[in-house]
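Peer 1: Got a structure here, written out as C-alpha cells. Questions coming.
The values are calculated or read from the model by the stated rules, or taken from the named source; none is laboratory data. Computed from a prediction, not measured in an experiment: that's the story for all the values here. Ideal geometry is used to build each Cβ from the backbone, glycine not excepted, and the neighbour counts take in all protein chains shown. Surface areas here come from the heavy atoms of the whole protein model, side chains and all, with no ligands, DNA or RNA. Shrake-Rupley method; radii C 1.70, N 1.55, O 1.52, S 1.80 Å.
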Amino acid sequence: MAKLSELVEKIDTEVKEGNRHRALLMLDKLLEKVPDNKQLLSRKAKFQKEYGFEKRIIALEEKYGIVSE
C-alpha cells in the first residue's frame, strides 16, 4: 500500500488540475481506511466547499450564457 503522504499528494494534484469531484471520491476511499483523521477530514471539508462554489459558478454561467475560459 502506498504511503499516506503519497496518496495525499495525488489528491492535491487532482485538486490543482481542477478535478475536485475526483479528489473528493479519493478522499472518501482513503477515509474508509483511515477514519477520524483530522487532517483528511479538514481537507475534505475544504474541497467540498470549493466544489460547491465551482458548481454554483458553472450553473450561473450556464444560466446567463457566460462562457469561462
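Peer 1: Could you size up the charge dipole of the chain around its Cα centre, putting +1 on the beta carbon of Lys and Arg and -1 on that of Asp and Glu, and report it in debye to the nearest 20? Numbers along the way, then the final one.
Peer 2: On the way: 15 positive and 13 negative charges, 56 e Å.
My answer is approximately 260 debye.
Peer 1: Tell me the mean residue ellipticity at 222 nm calculated for the chain from its helices only (DSSP H runs of n ≥ 4, each -39500 (n - 2.57), averaged over every residue, nearest 500).
Peer 2: Working: 3 runs with 54 residues, N = 69.
Calculated from helices alone, the mean residue ellipticity at 222 nm is -26500 deg cm²/dmol.
Peer 1: Express the accessible area of the chain per residue in Å², computed with a 1.4 Å probe while the remaining protein chains stay in the model. List each step's numbers first, then the result.
Peer 2: Working: 5610 Å² over 69 residues.
Per-residue value: 81 Å².
Peer 1: Roughly how many nanometres apart are two label points built 7 Å out from the Cα toward the Cβ at Ile66 and Ser42?
Peer 2: Output for this residue pair reads 3.2 nm.
Peer 1: Also: Once neighbouring chains are kept in place and the probe is 1.4 Å, which whole percent of the accessible area of the range 23-69 is contributed by carbon and sulfur? Before the final figure, lay out each step's value.
Peer 2: Values: 2160 of 3870 Å².
That share works out to 56 percent.
Peer 1: Still on this structure, please answer the following. Once R0 is set to 25 Å, what does the formula 1/(1 + (r/R0)^6) return for the Cβ-Cβ distance between Leu4 and Ile57, expressed as a FRET efficiency to the nearest 0.05? Before the final figure, lay out each step's value.
Peer 2: Values: r = 32 Å, r/R0 = 1.27.
My answer for the efficiency is 0.20.
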